[in-house]
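Remarks on the structure that follows.
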Amino acid sequence: MVQHQKAIVRMEMLAKRNALSVAEKAERSAKIMDSLFQERHFQNAKCVAFYMSIGSEVDTKPMIERAIAQGKEVLLPVVKTDHHIELSRFESFEKMKKGRFAIPEPEGDLQTTTHPGVIVLPGVSFGLCMHRLGYGKGYYDRLLSHLPSYRIGICFDLQVVEKLPRHDNDQRMDLIITEKRIIS
């Protein structure tokens with residue numbers, strides 16, 4: 001039942017997100033970036049983890065560039081096996097390869113044991129209940145279950161709902177940032 005409810009929310013949210021124009025996505029992503037970089041946990045973190053945005057997701061490339069320019073160590077996820085990701089050091093956009101699901105990942109063995117102070121997370125939808133709904137594979141839930149980092153979900157405001165269907169192993173966010181508000 002929960003899986004079916006999640007599938008319906010996923011379909012609705014992806015349709016809304018995909019309907020945004022390139023200009024709308026860029027403008028909204030820039031506002032989210034400004035709020036993220038003003039957030040105190042993010043400002044204080046020496047090491048931050050991002051995701052590489054694809055499709056209609058909030059654009060993280062300018063965020064990664066800005067974090068590097070501020071001297072932060074940046075980590076990105078690398079899919080290692082079915083349902084398992086690890087964080088690897090980001091060096092440059094030129095040193096990336098297409099990973100599983102055609103998502104760019106750092107090339108080479110740049111695995112790190114450093115825990116990021118903050119992890120910035122994607123989502124198909126986020127709830128005011130502080131949960132996220134991903135694409136349904138559970139990669140981030142497994143990673144977050146043993147990662148002590150401060151969790152910031154970023155999304156467009158149209159992706160926020162009151163409450164999400166969830167399983168017991170779904171991980172909570174500490175903060176959600178949209179182009180219109182910060183939810184804690």
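Please treat every number below as a calculation from the coordinates, not as lab data. Predicted model only: the values in this text are computed from it and were never measured. FYI the Cβ positions are ideal-geometry reconstructions off the backbone, even for glycines, and counts take in every protein chain you see.
Things to note:
- Cα centroid separation - the range 123-164 against the range 40-102, whole Å: 16
- Sparsely packed loop sites in the range 96-184 (the GluC sites (Glu not before Pro) outside DSSP H, G, I, E and B with at most 12 other Cβ atoms within 10 Å) comprise E162.
- The chain, relative contact order [Cα under 8 Å, separation at least 6], %: 24
- Largest GNM mean-square fluctuation among R142, R40, R66, using the chain with Cα springs under 10 Å: R40.
- Cβ-based exposure ranking for L87, L14, in which fewest neighbours within 10 Å come first: L14, L87
- Across the range 172-180, rounded Karplus estimates of 3J(HN,Hα) from the backbone phi angles (6.51 cos²θ - 1.76 cosθ + 1.60, θ = phi - 60°) give 8, 8, 8, 7, 10, 10, 10, 6, 10 Hz, Gly and Pro being marked x.
- Set of aspartates and glutamates near K46 by C-alpha distance (under 16 Å), chain-local residues within fewer than 8 positions excluded: E65, E73, E91
- Rounded to the nearest 20, the size of the Cβ-charge dipole of the chain about its Cα centre is 240 debye, with Lys and Arg at +1 and Asp and Glu at -1.
- Rounded to the nearest 20 debye, the dipole magnitude of the range 23-118 is 100 debye, with +1 charges on Lys and Arg beta carbons, -1 on Asp and Glu beta carbons, and the Cα centre as origin.
- 222 nm mean residue ellipticity, helices alone, for the chain (DSSP H n ≥ 4; -39,500 (n - 2.57); rounded to 500): -9000 deg cm²/dmol
- Subset of K97/K137; K25/K97; K61/K163 violating a 27 Å alpha-carbon distance limit: K61/K163
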